[in-house]
Amino acid sequence: MMKDGRLKRIIIAGGGTAGWMTAAGLSRLIRPLGLDIILVESKQIGTVGVGEATLPHMRFFNQSLGLDERELMAFTHATFKLGIEFRDWGRIGDAYIHPFGDYGEDHDGIAFHHIWQHLHAQGRARRIDDWSVPVVMSERGRFAFPAADTDDLLSTYSYAYQLDAGRYAQFLRRFSEARGVSRIEGRIVDVGRTGETGDIAHLKLESGALLEGDLFIDCTGFRALLIGEQMGAQFLDWSNVLPCDRAFAVACESVEPSVAYTRATARTAGWQWRIPLQHRIGNGHVFCSHFMSDDEAAGILMGSLEGAPRGEPRLLKFKAGQRDRQWIRNCVAVGLSSGFLEPLESTSIYLIQAAITALVDGFPTGAVDARDVEEFNRVMDLEYERVRDFLVLHYHATEREDSEFWNHVRTMPIPDSLAYKMELFRERGVVATYKDGLFLHPSWIAVYLGQRMMPRRIDPRVAGLGEDVLARFAGMKGDISSCVDAQQSHDQVIAGYCPSPERSLSG
Amino acid sequence: MSMPEPLRANILVAGDSLAAWMGALAFSRWRPELAVAVAPYHGEDSPIADPVVIARPEFRKLMAQLGLTEADLVSECDGTFLLATRHAGWTGEAAVFHQALGTFGAPANGAAFHHYYQQMRAAGQAPSYGTFSLATSMALAGKFIHPAANPRALESAFDYRIAIDAAKLRDLAKHRALAAGVTQFSTKVMGTAWSDGRIRHLLLDGEQSAEVDFYLDCTGTARGLTGAAGWTGIQALPYRRETGSVETGDGNLSLATVTASPDRWTRELALRTRRVTETFSCLEDGLAHFGYLAVPWRGNCVALGRAACDLPALHAPAFSLLTRELGLLGALLPADPATARVEAREYNRRALTAFGHMRDAQALFEAASARTQGKPSPDLSDNLARKIEQFTSRGRLVMYDDEILSDSEWIACLLGLGFTPECVSPLAMAASVDAVCDNYLRFAKRIRQAVERMPDQQTYIQHMLAEYAKETGPDAV
Ligand SMILES: Cc1cc2nc3c(=O)[nH]c(=O)nc-3n(C[C@H](O)[C@H](O)[C@H](O)COP(=O)(O)OP(=O)(O)OC[C@H]3O[C@@H](n4cnc5c(N)ncnc54)[C@H](O)[C@@H]3O)c2cc1C
């Protein structure tokens, strides 16, 4: 297939979010080199059909494609997302928001959360949340775009979207097809390999057609048709630390003004999501089948919907983990085929984006170079491991003793890398950070403090801070509060900026 | 006759080095309520090992915590703003390149500039890589301004280091530390009594002893408190250092030069009142003493500066590492050293990472030099081997946690030392070579024009000093 040693044709197997994000990315960034990009998908099989909450990084992906934000948000019925509210995680009755932004500001090398803890101990500060602009905005139903000027309080946060992922894929399909990506409808029934190299040579469709290519991107979802079944990448099972393995998903009608955050409420054997879009609310109950039956899980979900359900709940089965290699020979896995870490922190679409970025970075123009493969796998392993640790933290840092599930996750052995981080914070309030980690300081602080892991010791320099400094920090809360009060409501911003035709907001 | 009572304090700093007084000043600022004392060490050979130290941008944060300003460094410590280092001779007599902070060129279509530069080079239209760096162009012209605050302005696209007279900085730190209440013991530290992984007390001259909560070993290569235990040697040629210095009233203050030949290298740079030349010549049969302490924070004692890590001087590692060490120590300060196990563990993890990075930066030059001389490459760490491999395969720069050199410095050094990418990012291939050349040559012209408008560093500094004199008055130190 390869002409003059140059790579000519890329086949993307699968047309879910991963497939179309890959098609869009490659058509914008790589296709100008004169490559053919073909995406094959099967309506008969369909997509996983969930995945509505995202992280701020998605904006940079969309910007790199040159997508119009207003158009995209209106088309996908999107709302803004400033963070995730966690209810009942540390203890039943607790709630905190993990915001996409900073808390307060550091002072002379002293981390803000230490100053807050000091003020808290003196009775001058209640929640650290009051020092986070995006938390206060979320709680008051407000929204404003972040400011560019770094001296402005409004520069201290970012935002993501809550959107209809199916429509996001459609949007990207339109974008990709306009840039020359061909879409083929058909079911892949077999895969042809080249004898001498073991590379994939073609995909065989149910119709009998053969799809030849030079590079194959496996976006076939949990099936992992190419990377797993064909290339033999092993699945590294992480259910020992992330035991949830099923979810029921159902949408319901909106009942109140939309809010700019996703909610994750802990349940007896898992947790439930609530993702408000412009025209409906997405809901799902993620649970561990070892501790709860399907019927009970579905009952909990349906019994706690705020609006009328828009259909029957759909069951999804999964296992947490990743492939031991995500790129093998001329086959690269992107999306669920490469692994899945459950949707608690909306990381899947981010991981798709990370894989596309790494793929473009090492994109073969001729034969695949083993050095590119090695680097891709190294980078993606790091991404997965660091996301894993952050997710496990939510389950493990709990005081809940009210069910077998919580007793299990509270006491299970955790990865050494996470144990190290937790001990460092618990003992001394220091967040161990890494350059390549997705979640930065404020995210870890949000979960640690939100789940009652108050450091035993803090920076001793705090004790020497003068009253003027402490008073300034104490007063910052009021500044944030008045700044947020002056903002428009989230619904007003949506109505003016990106109303979707199906919008049914009450606010 | 009974033993005299041990001398007491909260923190005792052993040594008379720059690290010692910086450490003492830092503690006096961080914990003004504690009693900090400094005692000289009997075996400390030369407390000022480097005539000049170079502060990287990371120092700014610490500088603010220490209550020092750039004007202090320029005025009191003969400081100058160093914008670039011109390297010559590492891979052959004619091979010249510039290492500088800040951006080179500008990224386009998601690809970093060095990919486009490779295309320009292939088309025979590439002036030197440094032409596209504002810092380098300013350095070559001897100019200086502080970077513009507006990130969109061309004049924001660079950063700088500060070259400082080490002895004067030590004196300044000492003066400030004493003014802040630090005590100076006149008796020398003669020995250390360790038990159960902790220092019980120090033996001082005249049968005295000192017993404190926390010790800093700043005794340089004598490693007076920590000793040789846990010292991990690294493979590197030992060097003999010769230092020369000439008075100067003018000349280029913004540029340092490093000139290498197979058995030596010479660095020349300007302080405000003199030019300093240091030559490092290889001692083929000498014993390399370079290395680092595997556990720089042990029990109630932290080794700082050369006592913790001693590396060849090419990237002026001593002060960069001291900056990093003090930054880490500040962030991990123990409330009670007796219970600081996690603080020590995290400190050691991150300090060792920094030592490794600094070592790699030097090893890159040794590897390049060995390559051109047909000699076997020195042992490379996995990190550095990967960095070189990924860069030469397709210009991809792998950066790790807690790096010290910036990405633009790594790229400039890799390219300059002949680690040329075999191919470039596909993102850079979409544009026509003519358009690429046209675009970036115009960019280089904008740089030239911007540099022309800037003052030379002499003038800039005179201005700064005049302002400083107004603020501090005639008697200030
Ligand atoms: C319960 C749950 C909740 C989630 N919530 C979130 C969230 O909030 N945020 C987030 O970022 N992510 C979330 N995710 C993950 C997210 O849904 C996925 O990452 C995303 O949808 C990408 O899926 P995919 O494209 O890899 O796979 P799929 O959507 O399964 O697509 C697979 C594609 O492959 C095609 N295919 C498969 N086999 C064949 C074949 N034989 N022949 C032809 N075509 C074939 C299918 O037709 C389909 O087009 C969630 C996942 C689950 C399970």
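The values are calculated or read from the model by the stated rules, or taken from the named source; none is laboratory data. A quick note: this is a predicted structure, and the numbers were derived from the prediction, not measured. FYI the Cβ positions are ideal-geometry reconstructions off the backbone, even for glycines, and counts take in every protein chain you see.
Things worth noting here:
- Scanning the stretch A:1-30 for residues that are at pLDDT 95 or above and basic (Lys, Arg) yields a count of 1.
- Residue list for the stretch B:97-120, filter: farther than 28 Å from B:LEU82 by Cα and assigned to a helix (DSSP H, G or I): B:GLN119, B:MET120
- Against the numbered list (1) away from chain B (no Cβ under 14 Å); (2) within 15 Å of the ligand (Cβ to nearest atom); (3) at pLDDT 95 or above, A:SER346 comes up short only at (3).
- Single residue of B:ARG448, B:ARG442 found to be touching a helix residue (DSSP H, G or I) at 6+ places or on another chain (Cβ under 8 Å) and outside any loop (DSSP other than H, G, I, E, B): B:ARG448
- Failed item in (1) in a loop (DSSP other than H, G, I, E, B); (2) away from every other protein chain (no Cβ under 11 Å), with B:ARG396 passing the rest: (2)
- The number of residues in the stretch A:307-321 that are aliphatic (A, V, I, L, M) and more than 22 Å from the chain's Cα centre (by Cα) comes to 1.
- For beta carbons closer than 6 Å, sequence separation of 6+ or different chains, a first residue in the stretch A:20-34 that is over 12 Å from A:PHE171 (Cα atoms) and a second that is more than 13 Å from the ligand (Cβ to nearest atom) and among the hydroxyl-bearing types (Ser, Thr, Tyr), the qualifying pairs are A:SER27/A:SER176.
- Residue within the stretch B:461-477 that is among the basic types (Lys, Arg), at pLDDT below 95 and either within 26 Å of B:SER75 (Cα to Cα) or surrounded by 14 or more Cβ atoms within 10 Å (Cβ to Cβ) (or both) present: yes
- Selection status of A:GLY46, near the ligand (Cβ under 7 Å from one of its atoms), under 30 Å from A:GLY284 (Cβ atoms), in a loop (DSSP other than H, G, I, E, B) and among the small types (Gly, Ala, Ser): yes
- Residues (outside any helix (DSSP H, G or I) and facing chain B (nearest Cβ under 9 Å)) located in the stretch A:419-436: A:VAL430, A:ALA432, A:THR433, A:TYR434, A:LYS435, A:ASP436
- Meets criteria (crowded, with 16+ Cβ neighbours inside 10 Å, in contact with a Gly (Cβ under 8 Å, 6 or more places away or on another chain) and either more than 14 Å from B:LEU405 (Cα to Cα) or modelled with pLDDT of 90 or more (or both)) for B:ALA368: yes
- Some residue of the stretch B:366-378 being outside any helix (DSSP H, G or I), of a type in the set (Val, Ile, Thr), over 26 Å from B:GLY220 (Cα atoms) and more than 8 Å from every other protein chain (Cβ to nearest Cβ): no
- A Cβ distance below 9 Å, combined with a sequence gap of six or more or placement on separate chains, defines the contacts here; from the stretch A:38-54, residues that are over 15 Å from A:GLY14 (Cα atoms) and within 14 Å of chain B (Cβ to nearest Cβ) reach no residue that is assigned to a loop (DSSP other than H, G, I, E, B) and more than 6 Å from the ligand (Cβ to nearest atom).
- Within the stretch A:267-291, being away from the ligand (no atom under 16 Å from the Cβ) and not aromatic (Phe, Trp, Tyr) holds for A:THR268, A:GLN278, A:HIS279, A:HIS290.
- When residues of the stretch A:3-37 are limited to those that are in a loop (DSSP other than H, G, I, E, B) and more than 9 Å from the ligand (Cβ to nearest atom), the one nearest to the other protein chains (Cβ to nearest Cβ): A:ILE30
- Selection status of A:VAL392, within 13 Å of chain B (Cβ to nearest Cβ), assigned to a helix (DSSP H, G or I) and touching a Leu at 6+ places or on another chain (Cβ under 6 Å): no
- Conditions (1) acidic (Asp, Glu); (2) more than 16 Å from the ligand (Cβ to nearest atom); (3) within 30 Å of A:MET412 (Cα to Cα); (4) touching a residue at least 24 places away in the same chain (Cβ under 8 Å); number of the one not met by A:ASP294: (2)
- The condition (being surrounded by 15 or more Cβ atoms within 10 Å (Cβ to Cβ) and over 29 Å from B:ALA141 (Cα atoms)) is satisfied by just one residue among B:THR226, B:THR279: B:THR226.
- In the stretch A:355-379, the qualifying residues are those that are surrounded by 21 or more Cβ atoms within 10 Å (Cβ to Cβ), within 30 Å of A:ALA249 (Cβ to Cβ) and within 14 Å of chain B (Cβ to nearest Cβ), and the one that is nearest to the ligand (Cβ to nearest atom) is A:ILE356.
- Residue in the stretch B:309-323 that is part of a helix (DSSP H, G or I), buried (at least 22 other Cβ atoms within 10 Å of the Cβ), within 14 Å of chain A (Cβ to nearest Cβ) and touching a residue at least 12 places away in the same chain (Cβ under 8 Å) present: yes
- Test: residue in the stretch A:67-82 that is buried (at least 24 other Cβ atoms within 10 Å of the Cβ) and either under 25 Å from A:GLU206 (Cα atoms) or within 11 Å of the ligand (Cβ to nearest atom) (or both): yes
- Scanning the stretch A:402-418 for residues that are within 14 Å of chain B (Cβ to nearest Cβ) and not charged (D, E, K, R) yields a total of 1.
- Being more than 14 Å from chain B (Cβ to nearest Cβ) and away from the ligand (no atom under 14 Å from the Cβ) is a description that applies to A:ASN330.
- Among (1) within 16 Å of the ligand (Cβ to nearest atom); (2) outside any helix (DSSP H, G or I); (3) crowded, with 20+ Cβ neighbours inside 10 Å - the single one A:TYR96 does not satisfy: (1)
- Within the stretch B:158-183, tally of residues that are assigned to a loop (DSSP other than H, G, I, E, B) and either farther than 16 Å from B:PHE81 by Cβ or at pLDDT below 95 (or both): 3
- Flag if A:LEU315 is surrounded by fewer than 17 Cβ atoms within 10 Å (Cβ to Cβ), within 11 Å of the ligand (Cβ to nearest atom), under 28 Å from A:GLY232 (Cα atoms) and more than 14 Å from chain B (Cβ to nearest Cβ): yes
- Counted residues, the stretch B:127-159 - those being hydroxyl-bearing (Ser, Thr, Tyr), crowded, with 19+ Cβ neighbours inside 10 Å and out of contact with any helix residue (DSSP H, G or I) (no Cβ under 7 Å at 6 or more places or on another chain): 1
- Within the stretch A:188-223, the set of residues being part of a loop (DSSP other than H, G, I, E, B) and touching a helix residue (DSSP H, G or I) at 6+ places or on another chain (Cβ under 7 Å) comprises A:CYS219, A:THR220.
- Yes/no for A:ALA251 being more than 12 Å from the ligand (Cβ to nearest atom) and closer than 19 Å to A:PRO309 by Cβ: yes
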